[in-house]
Amino acid sequence: MSRAGDAALGAGLVFVVLVGGLLELGPPGPSGPMGPGAVVLAAVAGAATVLRRRFPVGCLAVADAVTFAWFHFDYPGRLITAAPLIGCYALAAGRGWRAGVAGGVLTALCTLLTVRFGLSGDWFTDQVFNAVPLVAAATALGVAVHSHRAFARGARDWAERLAEARSDQARRQAAEERLEIARELHDVFGHTMAAISVQAGVAVHVMRRRPEQAAEALNTIKRISDEGLAEVQVVLGAMRSENLCTATGGLARLDELLDIPGVRVELTRTGENRTVPVTVDLAAYRIVQESLTNVRRHAHGATRVRIELAYGERLRIVVRDDGSPGDVSTTVGGNGIEGMRARAEKLGGTLTAARTADEGFEVRCELPIRRDTT
């Protein structure tokens with residue numbers, strides 16, 4: 001409730017107490033005249049109601065004292081007893097059950113004293129047994145409100161901490177993704193430049209004596225350069241993704257790798273959700289690329305290659321050819337089977353490479369896609 005609401009509640013209490021006393025509304029009470037003192041006491045009770053949030057203990061004590069004085073001076077009406085009830089509720093709602101119970105006990109004692117000395121009644125009369133349950137009810141309601149507010153605050157704090165933890169985890173994961181992309185760029189440039197340097201050295205060495213071999217070396221340099229630029233474009237495309245944790249870059253461009261002279265390449269994809277983490281995307285692309293490179297270099301007599309991508313909780317990659325495999329344990333730059341296996345294991349996956357039953361060769365890899373985000 002706002003300050004305006006508190007002021008309206010206080011003014012309403014003053015109005016109800018005075019008008020109720022003059023018109024004899026509400027439960028019957030003392031039948032004395034409504035004098036200036038009654039107006040003063042009602043105004044004090046209203047002020048205590050307005051300030052009950054800032055000074056709950058003091059305002060409850062004032063409300064109890066005003067109630068005792070009201071009945072002691074025999075002012076008409078009993079609606080003044082609403083002031084202590086509001087005070088009990090405010091104390092319990094603002095300070096908790098311990099303060100609320102203490103305030104309720106104090107108000108109950110004041111009620112007992114008011115009945116005994118203000119109304120000249122007995123210690124335990126119907127008036128006492130009617131008033132004390134109201135005090136207990138107001139206190140219990142305040143305690144319930146305080147508990148609900150505390151629970152709501154705890155839930156909000158927990159939700160904020162959880163959101164912050166998830167945000168931190170996302171930032172750390174994004175940082176790891178960027179580091180992995182940087183390593184990927186390093187590998188691409190290192191492998192490409194080393195191969196170009198070797199082929200350029202060969203071209204320079206044989207340029208005069210065997211120009212046809214020099215031309216072959218230059219063509220190799222062009223092919224390596226084109227492949228390197230394509231890989232850089234894949235990596236940079238992943239870096240430009242809005243969400244580094246769930247981007248697609250390399251796998252979306254597999255069609256660019258499928259042109260192998262004299263070999264029919266078939267690509268099949270299964271599974272609905274084809275969005276994978278960047279590191280998995282790049283690793284899968286490089287594994288397929290290296291597998292096709294091995295087909296070109298080492299699969300003698302290959303006429304067909306089948307590539308299968310199965311999406312689920314893990315990404316399954318199968319590259320199978322029908323050629324006669326040569327030595328594919330290593331390639332230029334150390335990016336052969338052992339390099340592919342190292343990529344897969346670094347991501348928590350597996351990779352196997354072996355001859356098939358029909359004397360072809362198969363690379364089979366599984367990479368985890370889903371990550372625990374709790």
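Quick check on segment 8-18. Is at least one of its residues aliphatic (A, V, I, L, M), more than 21 Å from residue 137 (Cα to Cα) and within 42 Å of the chain's Cα centre (by Cα)? Taking every residue of segment 8-18 in turn, at least one turns out to be aliphatic (A, V, I, L, M), more than 21 Å from residue 137 (Cα to Cα) and within 42 Å of the chain's Cα centre (by Cα). Among the residues that make up segment 171-194, is at least one of them at pLDDT 80 or above and β-branched (Val, Ile, Thr)? No, every residue in segment 171-194 fails to be at pLDDT 80 or above and β-branched (Val, Ile, Thr).
In segment 162-176, the condition of being touching a helix residue (DSSP H, G or I) at 6+ places or on another chain (Cβ under 8 Å) and either assigned to a loop (DSSP other than H, G, I, E, B) or aliphatic (A, V, I, L, M) (or both) is met by at least one residue.
The single condition among (1) open to solvent by less than 50 Å² (accessible area, probe 1.4 Å); (2) more than 52 Å from the chain's Cα centre (by Cα) that residue 210 does not meet is (1).
Identify all residues within segment 340-357 that are surrounded by fewer than 18 Cβ atoms within 10 Å (Cβ to Cβ), over 16 Å from residue 315 (Cβ atoms) and not hydroxyl-bearing (Ser, Thr, Tyr); write none if there are none. Result: 342, 354, 355, 357.
Taking segment 12-34 as the range and being surrounded by fewer than 17 Cβ atoms within 10 Å (Cβ to Cβ) and either at pLDDT 80 or above or of a type in the set (A, V, I, L, M, F, W, C) (or both) as the test, the residues that pass are 12, 15, 19, 22, 23, 25, 34. Tell me, which residue of segment 320-374 that is aliphatic (A, V, I, L, M) and assigned to a helix (DSSP H, G or I) is modelled with the highest pLDDT? Once the filter is applied, the top-ranked residue is 344. Residue 268 passes every criterion in (1) touching a helix residue (DSSP H, G or I) at 6+ places or on another chain (Cβ under 7 Å); (2) of a type in the set (Ser, Thr, Tyr); (3) modelled with pLDDT of 85 or more; (4) surrounded by fewer than 21 Cβ atoms within 10 Å (Cβ to Cβ) apart from (1). Does residue 195 satisfy the criteria of being touching a Gly at 6+ places or on another chain (Cβ under 8 Å), part of a helix (DSSP H, G or I) and of a type outside the set (S, T, N, Q)? Yes: the conditions hold for residue 195. Of the candidates 176, 184, 164, the single residue that is within 33 Å of the chain's Cα centre (by Cα), within 28 Å of residue 256 (Cβ to Cβ) and open to solvent by 70 Å² or more (accessible area, probe 1.4 Å) is 176. Of the residues 273, 219, the single one that is on the phi < 0 side of the Ramachandran plot, out of contact with any Gly (no Cβ under 6 Å at 6 or more places or on another chain), at pLDDT below 75 and open to solvent by 90 Å² or more (accessible area, probe 1.4 Å) is 273. Does residue 9 satisfy being on the phi < 0 side of the Ramachandran plot, at pLDDT below 85, surrounded by 15 or more Cβ atoms within 10 Å (Cβ to Cβ) and aliphatic (A, V, I, L, M)? So residue 9 does not fit the description; no.
The values are calculated or read from the model by the stated rules, or taken from the named source; none is laboratory data. Predicted model only: the values in this text are computed from it and were never measured. Note: ideal-geometry Cβ built from the backbone for every residue, glycine included; neighbour counts use all protein chains shown. The accessibility values were calculated without ligands, DNA or RNA, using every heavy atom of the protein model including side chains. Shrake-Rupley method; radii C 1.70, N 1.55, O 1.52, S 1.80 Å.
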